[in-house]
Amino acid sequence: MNAQKATPVKTTPMIQQYLSIKEQYTDAILFYRMGDFYEMFFEDAEIAAPVLEVALTSRNKSDANPIPMCGVPVKAADAYIGRLIDNGFKVAVCEQTEDPATAKGLVKRDVVRVVTPGMIIDNELLDTHVNNYVLAISRNNGAVGLSYIDISTGTFRLSESGDARSVRDEVMRIAPSEVVIPESARADDQMTGFLSLFPETMMTFLDDGDFDPVTAGKRLTEQFRTRSLEGFGCERMTSGVSAAGALIAYVNQTQKQDINHVTGLEAYNIDQHLLMDDITRRNLELTANLRTGGRRGTLVDILDNCVTAMGSRLLRQWMQYPLLEPAHITERLDAVAEVKDQMTSRRQIREALKTVYDLERLASKTVMGRANARDLLALKRSLQALPDICKELSALSSPLFAVDSGLKTGELAHLDQLADLLESAIRDDAPAAIAEGGMIKPDYNPRLEELITISRDSKGWLAQLEAREKEKTGINTLKVRYNKVFGYYIDIPKSRMSAVPDHYIRKQTLVNSERYITDELKTFESKALGAEEQRAALELEIFNDIRHQVMANAESIYCAARFVARVDVLCNFAETADNNGYVKPSINDDGVIDIEEGRHPVVEKMLTDERYVPNSVRLDNDENQLLMITGPNMAGKSTVLRQVALLSLMAQMGAFVPARKAALCIVDRIFTRVGALDNLSSGQSTFMVEMEETANIINNATPQSLVVIDEIGRGTSTYDGLSIAWAVAEHLHDLGGKGVKTLFATHYHELTELENLKPRIRNFNIAVKEWNDEIIFLRKLVAGSTARSYGIQVARLAGIPDNIITRAKHILFDIEQGSDAVPGPSGAAPGHPAAGPVQLSFFEEPENTVISKLKNIDISRMTPLAALNYLNNLKKKAEKVSSGHG
């Protein structure tokens with residue numbers, strides 16, 4: 001965005017100042033402070049006006065080339081800034097840096113902060129349930145590093161990996177609002193893959209020098225005031241440190257200040273938590289539903305009944321980063337079980353938590369100088385709730401509820417003292433503005449109380465002065481008056497001048513009266529005339545002093561926030577379990593997933609017109625490692641598959657699960673391959689998407705993983721698709737000589753033959769009941785296979801007209817007579833009536849084809865076992881044909 005037009009314009013000192021500032025922020029909309037408004041000029045005005053829905057006017061309208069301009073009130077600026085951010089713009093906020101009343105010439109101005117999607121502090125512009133991360137990516141010595149920060153909460157993390165795909169998955173898991181990348185990434189083939197993940201409006205390119213590992217490391221040690229980074233466990237994570245240091249540089253550049261609330265850095269390995277790629281998270285609809293991208297119908301929608309914003313954010317983090325260590329999982333589950341059983345305590349804790357505001361963001365706003373008096377009131381009320389919460393927690397035995405596990409010795413007492421300070425200082429009716437007074441209680445400061453009294457009671461004081469002077473002088477016609485020229489004075493008629501006391505000082509002589517001043521009145525005048533300004537200035541001084549005392553306790557506030565968030569999530573899990581009939585899962589190291597009458601946590605809540613049917617599933621490493629599941633569309637295969645994955649995820653979060661009983665082993669990764677949509681925008685077909693997702697599973701699954709495959713190979717020809725599905729199922733069964741626990745739903749009924757060929761594959765199907773050529777979905781997973789998909793019946797349920805259904809039956813009957821048969825013309829009667837439901841099997845051939853295969857077989861090239869298996873398969877096909885099912 002260039003501020004200056006090609007056509008020359010008439011410039012004034014003010015416009016010259018604007019242009020010189022704009023020159024430094026060419027990628028942002030410049031909010032230029034002029035009195036009570038932020039003004040925009042030139043192209044900024046032309047771009048911003050329609051987005052903000054404000055009038056586009058012009059400066060110096062009489063000139064040949066008037067300058068376009070628009071403006072917004074300072075008091076409403078946050079809402080307008082938010083709208084620009086939502087539309088992909090950055091905003092540079094330029095303030096007056098000196099008092100216009102005392103300035104000589106043009107008022108000095110400078111940019112005090114740059115607001116970007118990832119650099120937001122104000123609650124009004126943030127989603128309280130979600131962290132707002134800005135992410136940096138760097139590459140050094142073959143490893144890709146990433147770091148992300150939420151300046152509104154102080155969260156700061158870094159990691160790195162030599163596996164670029166793992167880093168891409170992690171980037172998508174972080175879901176940043178903004179991405180910072182070195183300028184050289186544009187020409188780096190290994191980095192361009194990351195650029196394609198985000199729209200250009202989300203990316204900011206920084207000079208490569210900001211990512212220099214040495215400079216970045218020094219910047220971090222200066223930030224944390226440490227000699228090295230060893231205490232953070234990232235000393236040797238060169239790429240991660242490079243990204244983290246660049247982030248600190250970017251924050252300082254945009255916020256124009258130190259970020260003292262960022263006091264630590266968490267280094268982690270990407271694979272230290274249960275891993276799910278972006279495809280799996282989307283398929284399981286953890287935080288966004290597949291239809292609209294909204295929250296409704298997602299796992300977080302069901303599980304998040306937290307009463308604090310901090311709890312909601314932590315729950316999302318636990319969902320994105322489930323645990324792998326059984327002891328830690330069990331510790332969470334035990335805590336949930338305890339508070340679930342203690343219903344009275346749980347309800348009282350949650351009630352107290354409702355009075356706790358967003359401590360993390362309140363502390364960050366305060367440290368960064370963005371808090372107002374109402375924020376401090378919210379902080380006070382939050383801190384006042386802590387003793388009651390801690391008192392209730394003292395009755396619980398779980399270490400996760402222990403106060404000393406979240407707060408250091410003495411910290412709670414310090415926070416109590418801070419709450420007392422805020423109680424004594426901040427008025428309950430404090431306004432949002434901090435420069436106009438009305439924030440501080442009068443009795444907090446004697447001088448303030450005096451100023452408030454003067455300001456409020458000046459008329460009363462003058463009346464009292466007048467009465468006292470009349471009594472002292474005996475002049476009943478004496479009056480105390482005020483005008484703008486002479487200020488306060490005592491007016492006495494000339495007829496009573498002889499009674500004027502000696503200490504009265506003549507100020508003005510009029511025709512009929514004399515005006516006087518006294519030392520007492522002069523003192524009052526000096527107080528009264530500046531009382532409002534002095535009051536506002538003193539309140540701001542007091543407020544800033546209190547803010548600094550809050551800043552001194554910021555680290556304790558953050559500790560309290562993290563502790564409160566953990567308590568909130570655990571109590572929330574207990575409340576959700578109690579309300580929804582969830583049970584505590586047991587964690588085993590036997591490699592067994594045994595779910596008794598499990599339920600899909602979302603689907604059971606969304607059903608309105610039928611009863612939810614629970615299902616039992618067992619997966620192990622000995623007999624039931626790969627479940628081959630058949631059944632018609634709409635029967636519920638996808639629900640069963642997803643619910644197993646979701647219950648494993650919930651357990652490793654530390655949550656109870658919807659089941660009658662559940663024994664679950666730890667899984668290191670969850671993979672899903674669920675019905676793909678054409679990705680036409682990137683030129684990828686359904687089949688290509690299927691194959692890429694399948695390749696990811698094959699290349700990355702381990703014997704400790706959980707794989708969910710809902711159809712594979714349907715995007716290509718029947719024979720190709722079946723062949724690929726067969727080979728993939730075999731591979732997953734044989735993976736690493738151990739296999740991987742897999743739920744494999746398919747319409748290729750031929751795959752059920754694998755049960756006879758592989759020892760750990762078992763066939764299951766979703767039961768249906770036939771009645772008068774109709775089907776009823778029973779939603780029950782039962783052992784055994786089905787050779788029918790009931791496609792025509794499902795088509796009828798979907799609303800396909802009867803004439804098309806009848807024609808489809810005739811065509812199916814004709815095709816079944818032989819692989820070379822051609823369906824008769826529309827309206828022609830088939831050779832035999834299509835009695836009852838019929839189903840075409842892709843590989844079941846007529847008898848003459850079976851004979852042909854026997855004739856062409858080369859027995860000399862087959863082992864005895866292979867020959868027996870081949871003969872057995874042909875025998876089964878021949879039996880099906882002779883029985884009328886071929």
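The values are calculated or read from the model by the stated rules, or taken from the named source; none is laboratory data. Computed from a predicted model, the values in this text were never measured in an experiment. Positions of Cβ are backbone-derived with ideal geometry, glycine not excepted, and every protein chain shown enters the neighbour counts. Side chains are part of the model used for accessible areas, which takes the heavy atoms of the whole protein and leaves out ligands, DNA and RNA. Shrake-Rupley method; radii C 1.70, N 1.55, O 1.52, S 1.80 Å.
Of the trypsin sites (Lys or Arg not before Pro) found in the range 141-186, none is in coil by DSSP with at most 12 other Cβ atoms within 10 Å of its Cβ. Each residue was assigned an accessible area with a 1.4 Å probe, and for Leu757 the value is about 80 Å².
Each residue, Gln24 and Asp278, gets one label point 7 Å from its Cα in the Cβ direction; the gap between the two is 3.6 nm.
3J(HN,Hα) along the range 246-252: 5, 4, 4, 4, 5, 5, 5 Hz, from the Karplus curve 6.51 cos²θ - 1.76 cosθ + 1.60 with θ = phi - 60°, whole Hz, x for Gly and Pro. Rolling a 1.4 Å probe across the protein heavy atoms gives the range 382-430 an accessible surface of 48 Å² per residue. Once both axes come from the Cα atoms, what is the angle between helix 164-174 and the longest principal axis of the chain, in degrees from 0 to 90, rounded to 10? So the helix axis and the longest Cα principal axis differ by about 50 degrees. The simple Förster model, with R0 at 41 Å and r as the Cβ-Cβ distance, assigns Thr355 and Asp208 a FRET efficiency of 0.25.
Label sites at Gln704 and Asp590, each approximated as a point 7 angstrom past Cα along Cα to Cβ, lie 1.9 nm apart. Cα convex hull, the range 61-134: 142 Å³ per residue, rounded to a whole number.
Per-residue Karplus couplings for the range 587-599, computed as 6.51 cos²θ - 1.76 cosθ + 1.60 with θ equal to phi - 60°, are listed in order as 9, 10, 10, 9, x, 10, 10, 10, 10, 9, 6, x, 9 Hz, Gly and Pro entered as x. Summarising the label geometry, the points placed 7 Å from Cα in the beta-carbon direction at Thr12 and Ala79 lie 2.9 nm from one another. Heavy-atom accessible area with a 1.4 Å probe sorts Asp609, Asp188, largest first, into Asp609, Asp188. Loop only per DSSP, at most 12 neighbouring Cβ atoms within 10 Å: give me the trypsin sites (Lys or Arg not before Pro) in the range 15-91, ordered by residue number. Answer in residue order: Lys61. Pull out a ≥ b ≥ c, the square roots of the eigenvalues of the alpha-carbon gyration tensor of the range 476-562, then state rounded if a/c is under 1.5, prolate if not and a/b is larger than b/c, and oblate in the remaining case. Prolate.
The calculated pair-distance distribution of the range 101-203 uses every alpha carbon pair, bins of 10 angstrom beginning at 0, and gives 13, 40, 25, 12, 6, 3, 0 percent. Cross-link pairs exceeding 25 Å in C-alpha to C-alpha distance, out of Lys340/Lys365; Lys340/Lys661; Lys741/Lys780, comprise Lys340/Lys365.
With r as the distance between the Cβ atoms of Glu450 and Gln549 and R0 = 22 Å, compute the FRET efficiency 1/(1 + (r/R0)^6) and round to 0.05.
Using R0 = 22 Å, I get an efficiency of 0.40.
Select from Leu626, Ile666, Val602 the residue farthest towards the positive end of the dipole of the range 574-671; place +1 on Cβ of Lys and Arg, -1 on Cβ of Asp and Glu, and compute about the Cα centre. The residue sitting most towards the positive pole is Val602. Compactness of the range 332-412, taken as the C-alpha radius of gyration over 2.2 N^0.38 Å, stands at 1.25. Annotation: the antiparallel percentage among DSSP beta bridges lying fully within the chain is about 65. Set the bar at 30 Å for Cα to Cα. Now go through Lys605/Lys738; Lys441/Lys507; Lys441/Lys522 and name every pair that lies beyond it. Lys605/Lys738; Lys441/Lys507, as the Cα separations exceed 30 Å there.
A Stokes-Einstein calculation at 4 °C with viscosity 1.567 mPa s, built on the Kirkwood radius of the range 337-495 over Cα pairs, returns a diffusion coefficient of 63 µm²/s. Principal semi-axes of the equivalent ellipsoid, √(5λ) from the alpha carbon gyration tensor of the range 561-662, are 26, 19, 10 Å from largest down. When restricted to Cα atoms, the chain yields an Rg and a Dmax of 37.5, 146 Å, respectively. Have a look at Ser228, Pro322, Phe198 and report the one farthest towards the positive end of the charge dipole of the range 191-343, computed about the Cα centre with Cβ charges (Lys/Arg +1, Asp/Glu -1). Toward the positive end, the furthest listed residue is Phe198. Can you give me the Cα centroid spacing of the range 473-549 and the range 642-671 in angstrom? The two parts, judged by their Cα centres, are 79 Å apart.
Excluding same-chain neighbours fewer than eight residues apart, the lysines reachable from Lys218 by a Cα-Cα span under 21 Å are Lys256.
Here the range 408-476 yields Rg over Rh of 1.30, to two decimals, using C-alpha coordinates and the Kirkwood radius. The residues of the range 164-267 present an accessible area of 45 Å² per residue when probed at 1.4 Å with all protein chains retained. Note that the range 166-301, at 37 °C in a medium of 0.692 mPa s, gets a Stokes-Einstein diffusion coefficient of 194 µm²/s from its Kirkwood radius over C-alpha pairs.
What the range 527-613 shows is 42 Å² of accessible area per residue, with the surface traced by a 1.4 Å probe over protein heavy atoms.
Count the lysine pairs in the range 1-156 whose Cα atoms lie under 15 Å apart, taking only pairs 8 or more positions apart in sequence or on different chains. Going through the range 1-156 pair by pair, I get 4.
In order along the range 409-419, the phi-based Karplus estimate (6.51 cos²θ - 1.76 cosθ + 1.60, θ = phi - 60°) of 3J(HN,Hα) comes to 4, x, 5, 4, 5, 5, 5, 4, 5, 5, 4 Hz; Gly and Pro are listed as x. Angle of helix 309-320 to the longest C-alpha principal axis of the chain, folded into 0 to 90 degrees and rounded to 10: 30°.
Taking only protein heavy atoms and a 1.4 Å probe, the accessible area of the chain is 50% carbon and sulfur. For the range 236-373, the square roots a ≥ b ≥ c of the C-alpha gyration tensor eigenvalues yield an a/c of 1.5 or more together with a/b not exceeding b/c, which makes the shape oblate.
A cut-off of 5 Å between modelled amide H atoms, ignoring neighbours fewer than 5 places along the same chain, links Ser513 with Lys494. Taking Arg282, Arg660, Arg611, Arg760 and ordering them by how much accessible surface each has at a 1.4 Å probe, largest first, produces Arg611, Arg660, Arg282, Arg760. Computed about its Cα centre, the charge dipole of the chain is approximately 1660 debye, with only Lys, Arg, Asp and Glu carrying charge at their Cβ.
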